[in-house]
Amino acid sequence: QHITAGFAPRGSEFPDLIKPFQRDIVEWACRRGRSAVFADTGLGKTIMQLSWARQVSIETGLPVLVLTPLCVAQQTVKEGDKFGIKAAYIREPGITGCDIHVTNYEMLKNFNPETYGGIVLDESSILKGMTGKIRKQITDFASTIAYRLSCTATPSPNDFMELGTQSEFLGVLSQVEMLSTFFIHDGSDTSKWRLKGHGRRKFWEWLATRADR
């Protein structure tokens with residue numbers, strides 16, 4: 001399923017310190033509308049996701065919610081200050097004085113998706129270790145939000161269940177749809193999947209339309 005729900009970003013709104021390759025990725029993600037950034041450690045995921053969030057907020061006139069693990073929430077806010085992008089850590093809705101709201105995954109239950117024009121999952125590989133109930137909560141919360149960004153330095157290219165979780169969050173294909181389209185069970189162990197012979201190239205081409213790494 002090919003979904004383009006994006007927009008042309010405003011060049012004047014990029015921070016001065018952003019690197020050319022980071023800007024290219026953010027521009028691509030804005031035009032896609034729903035996408036994943038699988039950028040290795042040290043490539044600047046934080047500036048990219050905050051730059052994307054600022055562009056979405058300007059485009060929609062609504063705040064953007066950034067979900068992070070608790071241990072990096074305050075660090076994300078500090079990184080924003082470093083790059084001239086104002087963000088605030090909050091645990092529940094309230095007046096923040098800025099349009100980028102950072103909270104940890106456990107606090108999502110306190111928020112309303114109708115408030116937000118975009119959502120970012122930072123360290124989105126965390127979804128792999130969460131219970132099905134919490135994964136469903138995050139996916140359902142995002143389902144009515146047009147602009148979505150999934151960011152992680154550690155996607156598992158050999159863990160197709162995780163890639164399916166990412167796809168489901170983005171509203172492209174559900175995990176079940178992705179598996180049934182491109183994979184078959186590996187014997188009797190339903191937790192192991194392998195690419196169909198004729199689907200190998202098509203799978204990676206499909207993934208590349210949604211993920212930049």
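The values are calculated or read from the model by the stated rules, or taken from the named source; none is laboratory data. Keep in mind it's a predicted model, so treat the numbers as computed, not measured. FYI the Cβ positions are ideal-geometry reconstructions off the backbone, even for glycines, and counts take in every protein chain you see. Ligands, DNA and RNA are stripped out before the accessible areas are found, and what is left, the full protein with its side chains, is counted by its heavy atoms. Shrake-Rupley method; radii C 1.70, N 1.55, O 1.52, S 1.80 Å.
Observations on the structure shown:
- Among the residues of the range 114-134, those that are surrounded by 14 or more Cβ atoms within 10 Å (Cβ to Cβ) and either within 15 Å of Ala53 (Cβ to Cβ) or touching a Cys at 6+ places or on another chain (Cβ under 8 Å) (or both) comprise Tyr116, Gly117, Gly118, Ile119, Val120, Leu121, Asp122, Glu123, Ser124.
- Residue match in the range 87-96 (condition: farther than 24 Å from Gln166 by Cα and of a type in the set (D, E, K, R)): yes
- Any chance Val26 is outside any loop (DSSP other than H, G, I, E, B), open to solvent by less than 30 Å² (accessible area, probe 1.4 Å) and in contact with a strand residue (DSSP E or B) (Cβ under 7 Å, 6 or more places away or on another chain): no
- Of all residues in the range 36-80, those satisfying the criterion of being among the aliphatic types (A, V, I, L, M), open to solvent by 30 Å² or more (accessible area, probe 1.4 Å) and within 27 Å of Phe7 (Cα to Cα) are Leu43, Ile58, Leu62.
- Taking the criterion of being surrounded by fewer than 19 Cβ atoms within 10 Å (Cβ to Cβ) and in a loop (DSSP other than H, G, I, E, B), the residues of the range 135-145 that qualify are Ser143, Thr144.
- The residue that is farthest from Asn104 (Cα to Cα), among those in the range 72-89 that are basic (Lys, Arg) and out of contact with any Gly (no Cβ under 8 Å at 6 or more places or on another chain), is Lys82.
- Entry remark, the range 81-106: residues being open to solvent by less than 30 Å² (accessible area, probe 1.4 Å) and either modelled with pLDDT of 95 or more or not in a helix (DSSP H, G or I) (or both) number 10 in total.
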